[in-house]
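**Student:** Got a structure for you, questions after.
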Amino acid sequence: MSDTMSVQLHERDRALLDGAEGEAMGLAMRVVLRAAEISGAARLQDICFAHIDACFYNGQAHVDFAQFMVDKGARLAVPTWTNTSLVSQVDTQIRPEKDDPVVVSGARLLMDLYERLGCEPVWTCAPYQLPGRPCLGDHIVGSESNAVTFYNSVIGARTNKYGDYLDVCAALVGRVPYSGLHTDEGRRGRVLFRLDRIPEELRREDLFHHVLGHLLGRVAQSRVPVILGLPLDSNEDQLKAISAAAAASGAVALFHAVGVTPEAPDLETAFQGSPPEDDISVSPAELIEARDSLSTGTGGRLEMVAIGTPHFSFTEFARLVALMDGRRVHDGTLFYVSTSRHVAGLVEKEGWMEILEAAGVRVIVDTCTYFTPAVRGCRGRVMTNSAKWAYYAPGLLAVESVFGTLEECVESAARGEVWRDQRLWRDDTWGARS
């Protein structure tokens with residue numbers, strides 16, 4: 001290993017390196033220290049929480065790593081929650097083991113190993129919807145892309161995007177490199193996105209937030225964007241949409257929305273007194289192009305609706321139940337909603353689960369529908385209200401994606417074919433002149 005004297009270490013850090021708490025904890029400390037050296041961090045930072053992605057099965061190496069940590073007595077230093085899994089422990093038939101025995105059985109084993117390691121088995125990509133989430137200024141470990149962006153942007157907690165294994169190692173030692181988005185400088189806005197050319201009425205639409213996030217990611221890439229003109233009453237579901245889309249199409253791990261997010265009460269604060277590197281007035285044409293790029297399919301028969309990427313919130317379920325009022329999914333069309341166990345429990349208590357099931361809507365937990373191998377019946381033309389799902393799924397599954405609003409998804413599911421609210425698809429609604 002290279003000279004570690006450039007990184008300030010606490011007494012426990014050195015004890016871990018010396019093997020005082022065992023081989024696994026020593027390895028975890030070395031991994032975190034190496035990450036600090038690579039990032040140029042002068043010191044390590046204590047954390048109070050972790051949400052890890054290494055629990056998602058991506059091959060035998062993931063199982064071997066977790067098995068090593070469990071066998072060697074590794075112990076988590078902070079509360080650690082799990083990201084989505086490839087499979088569901090609640091509904092084992094959503095991805096039957098016979099479809100891919102090695103992958104499915106490996107995913108189940110990995111879930112068991114992380115529970116044995118001491119993780120809280122929440123199995124959700126939207127952990128910020130659960131009680132006990134971090135607070136403004138908390139230093140944490142995040143690994144799931146949309147959650148990293150939401151934690152940083154909407155809550156104001158501080159995390160870089162931690163890759164598999166590093167996320168677990170940091171949770172074990174309770175320390176991360178003090179670099180990137182853990183620092184004040186790393187959180188400074190870099191690119192200004194002005195929305196003054198976009199009709200205010202459109203800016204309040206849920207669809208707009210997904211499309212805006214998709215555009216932000218494509219343009220900003222890994223830089224911190226600052227949005228000027230987002231409605232001050234934008235809700236967490238809408239900010240979740242921006243977070244997920246921007247992290248998927250680019251590498252946005254933090255955005256500021258002036259007057260909306262906690263670290264951007266005004267432009268001066270968002271940019272920490274510095275001028276933006278780029279000042280972009282978002283045009284209707286750019287948004288229309290971003291909107292249309294999210295659909296690889298057009299109209300016609302609809303095989304499936306997939307919503308809940310990221311996992312559906314309680315408030316989104318409230319909207320869905322109201323929209324389904326007295327309606328039923330068309331025979332031959334599947335309707336999947338992905339969510340967390342926690343939110344599913346709340347839905348059950350409200351009596352909504354029975355209503356949705358009677359309407360032909362299938363609620364699944366622990367996993368998501370854009371992963372491969374495909375969930376049962378996922379094929380052909382699939383409609384979604386998620387820019388993230390629409391962006392990823394066509395590259396992973398044998399599907400055509402049709403992007404639309406929640407209302408369009410429900411109406412299309414009832415008809416068994418794609419239906420559009422033409423108001424939202426006219427260019428003049430987006431501010432373009434004919």
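Taken together, the values in this text are just the output of simple stated rules run on the coordinates, not laboratory data. Please read these numbers as outputs of a predicted model, since none were measured by experiment. A quick note on method: Cβ atoms are made from the backbone with ideal geometry, for glycine too, and the neighbour counts reach across all protein chains shown.
**Student:** With a 10 Å cut-off between alpha carbons and a GNM built on the chain, which of 359, 374, 318 moves the most?
**Tutor:** 318
**Student:** Just going by the charge dipole of the chain, with Lys and Arg at +1 and Asp and Glu at -1 on Cβ, which of 109, 356, 199 is farthest out on the positive end?
**Tutor:** Going by the charge dipole, the pick is 109.
**Student:** Give the residue from 210, 368, 169 lying farthest towards the positive end of the charge dipole for the chain; charges sit on Cβ (+1 for Lys and Arg, -1 for Asp and Glu) and the dipole is referred to the Cα centre.
**Tutor:** 368
**Student:** Next question. Using the crude model of +1 on Lys and Arg Cβ and -1 on Asp and Glu Cβ, and no other charge, please compute the dipole size for segment 194-236 relative to its Cα centre, in debye to 20.
**Tutor:** So the magnitude is around 340 debye.
**Student:** Right, another one. Once the Cβ-Cβ distance between residue 12 and residue 204 is put in as r, and R0 is 60 Å, what FRET efficiency do you end up with, to the nearest 0.05?
**Tutor:** Calculated transfer efficiency: 0.75.
**Student:** Right, next: Given 0.36 nm per residue, what is the gain on full extension from residue 318 to residue 268 after removing their alpha carbon distance, in nm?
**Tutor:** 14.2 nm
**Student:** Where the only charges are on Cβ atoms (+1 Lys, Arg; -1 Asp, Glu), what is the dipole of segment 8-98 about its Cα centre, to the nearest 20 debye?
**Tutor:** 100
**Student:** Related question: Taking a ≥ b ≥ c as the square roots of the eigenvalues of the Cα gyration tensor of segment 304-425, is the shape rounded (a/c under 1.5), prolate (a/b larger than b/c) or oblate?
**Tutor:** Oblate is the answer for segment 304-425, as a/c is 1.5 or above yet b/c matches or exceeds a/b.
**Student:** Translational diffusion coefficient, Stokes-Einstein: compute it for the chain using the Kirkwood radius over C-alpha pairs as Rh, at 25 °C and 0.890 mPa s, and state it as an integer in µm² s⁻¹.
**Tutor:** D = 109 µm²/s.
**Student:** Something else about it: Using the Cα centre as the reference, give the magnitude of the dipole from point charges on the C-beta atoms of the chain (Lys, Arg: +1; Asp, Glu: -1; all else neutral), rounded to the nearest 20 debye.
**Tutor:** 360
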